[in-house]
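Working notes for the structure below.
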Amino acid sequence: MPEEKQDNNTYNAYAYLINLLSKTDDQAHLAALFDALLTDKEQVELANRLTIFALLQQGVTQREISAQLGVGIATVSRGAKVFNQHQIDELLPDIGKKIKV
């Protein structure tokens, strides 16, 4: 959980969401939940982050990813930093095969 979200109420809300997501296997319910929680822009940003991970996993360069997705190099660089810091290969195995780009 991000450091700036360490106050108790925020932590409890975040923990509640993680618990709920871990127990939910109904894709329609999850889609409705994400529609309620995230704006359209946030959903696009999340999808872009996942696509950046997929392309990085496939060995595509950051500049190529920036051009392909039409996002700034800084956006790709932040995604690459997270990709390396959080061992995305382990957290999201085969994302490069699952997201066809």
Of the candidate values (1) 6.6; (2) 7.4; (3) 8.4, the one computed for mean projected area of the Cα convex hull in nm² from this structure is (2)
Diffing segment 22-36: the Karplus 3J(HN,Hα) column from phi (6.51, -1.76, 1.60, θ = phi - 60°), in whole Hz with x for Gly and Pro, holds 5, 9, 9, 10, 8, 5, 5, 5, 5, 4, 5, 5, 5, 4, 6
Comparing 50, 37, 17 in a Gaussian network model of the chain (Cα, 10 Å), the one with the largest mean-square fluctuation is 17
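For segment 10-98, what is the accessible area per residue in Å² when the probe is 1.4 Å?
Details: 6200 Å² over 89 residues.
Computed with neighbouring chains in place, this is 70 Å² per residue.
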Which of 15, 47, 28 fluctuates most in a GNM of the chain (C-alpha springs under 10 Å)? That residue is 15
Per GNM of the chain with C-alpha springs under 10 angstrom, the most fluctuating residue out of 27, 68, 87 is 27
On the accessible surface of the chain, probed at 1.4 Å with all protein chains in place, carbon and sulfur together account for a percent value of 53 percent
Cross-link reach from residue 81 to lysines, straight Cα distance under 23 Å and at least 8 residues apart if same chain, gives 5, 41, 97, 98, 100
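The values are calculated or read from the model by the stated rules, or taken from the named source; none is laboratory data. Predicted model, so just to flag it, every value in this text is computed and none were measured. SASA here: full protein model, heavy atoms, side chains in, ligands and nucleic acids out. Shrake-Rupley method; radii C 1.70, N 1.55, O 1.52, S 1.80 Å.
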